Amino acid sequence: MEIGQWQVDGTTLRGEIRVKRYRLSKQGDQAILGAHCQLLKRYLDFNSQSLQRCLDLESGQLIDDLPAFLEASHAASQQGQLDRLYQSHQDELAVLLYVGRADGVLQRREKELIAHYLVGRFTGGSLQVEEIARDLAWKPVPNHDDFKLATQRLAQLEASLKKQIVQLCRQLIEVKETLDGDEEASIAEVIALLQP
């Protein structure tokens with residue numbers, strides 16, 4: 001993407017930047033484009049309303065609605081698919097991460113087990129187990145309150161899905177060579193809340 005004239009702090013600057021990586025945030029009814037400028041080799045923040053011309057370098061087309069273009073690009077990207085996956089299965093992910101990281105570490109095999117489960121549940125894209133497993137390393141561990149709330153919401157699911165989640169939690173625990181008190185307590189809570 002190439003951006004033409006823009007304003008920073010009320011000062012009009014004329015020039016071009018080429019953008020390959022970006023982030024988009026909302027500020028009231030305006031969108032703020034945080035973009036890595038290849039020429040300046042740093043991130044800059046731009047108010048999308050002050051951008052006078054934006055060109056998609058892949059298609060050569062002028063971009064009329066930059067926020068809509070960026071949101072569509074994000075939705076089609078791998079990260080956009082991961083975001084949708086995590087959003088649509090946030091309770092399951094919270095429980096699985098909490099159990100998997102009960103000893104403070106999410107091992108490679110644990111990430112693969114969780115990713116394989118999520119791939120089977122996700123219908124909104126074409127993500128691979130390896131992509132999800134790699135990304136899970138960066139997911140924060142839910143606190144105990146979030147874990148309990150997620151488990152209580154999952155208790156409303158159909159019995160076969162609850163059974164599948166409990167079974168996966170047991171598999172996550174079996175990956176460990178030894179169990180400590182946190183792991184035993186977390187699996188006991190999952191079983192108590194999800195098993196009929």
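Would you please give the residues with an amide H less than 5 Å from that of Phe46, counting only those at least 5 places away or on a separate chain, with H modeled from the backbone geometry?
When sequence neighbours closer than 5 places are left aside, the close amide H contacts are Leu33, Gly34, Ala35.
Gain in length, Lys163 to Ala75, computed as 0.36 nm per residue apart minus the alpha-carbon separation, to one decimal in nm? Working shown, then result.
Working: separation 88, 0.36 × 88 = 31.68 nm, distance 3.18 nm.
Residue separation times 0.36 nm, minus the Cα-Cα distance, leaves 28.5 nm.
On average, how much accessible surface per residue is there in segment 27-137, in Å², for a 1.4 Å probe, leaving out ligands, DNA and RNA?
53
Among all the lysines, which ones have a C-alpha under 23 Å from Lys176's C-alpha, if same-chain residues fewer than 8 places away are not counted?
Candidates past the 8-residue exclusion: Lys111, Lys139, Lys148, Lys162, Lys163.
In Å³ and rounded to a whole number, note down the convex hull volume per residue for the Cα atoms of segment 48-163.
Working: hull volume 17.7 nm³, N = 116.
Taking only Cα atoms, segment 48-163 has a hull volume of 153 Å³ per residue.
Students often check this: by mean Cβ neighbours within 10 Å, which of 62-68, 85-91 ranks highest, and how do the rest follow? List each step's numbers first, then the result.
Working: 62-68: 13.7, 85-91: 16.6.
Packing order, densest peptide first, comes out as 85-91, 62-68.
As an exercise, use a Förster radius of 41 Å and the Cβ-Cβ distance of Leu57 and Ser88 to find the FRET efficiency, rounded to the nearest 0.05. Show your work: numbers first, answer last.
Working: r = 32 Å, r/R0 = 0.78.
Once rounded, the FRET efficiency stands at 0.80.
The values are calculated or read from the model by the stated rules, or taken from the named source; none is laboratory data. Just so it is clear, the model here is predicted, and its values are computed rather than measured. Glycine gets a Cβ as well: all are built from the backbone with ideal geometry, and neighbour counts include every protein chain shown. Surface accessibility is based on the protein's heavy atoms, side chains included, excluding ligands, DNA and RNA. Shrake-Rupley method; radii C 1.70, N 1.55, O 1.52, S 1.80 Å.
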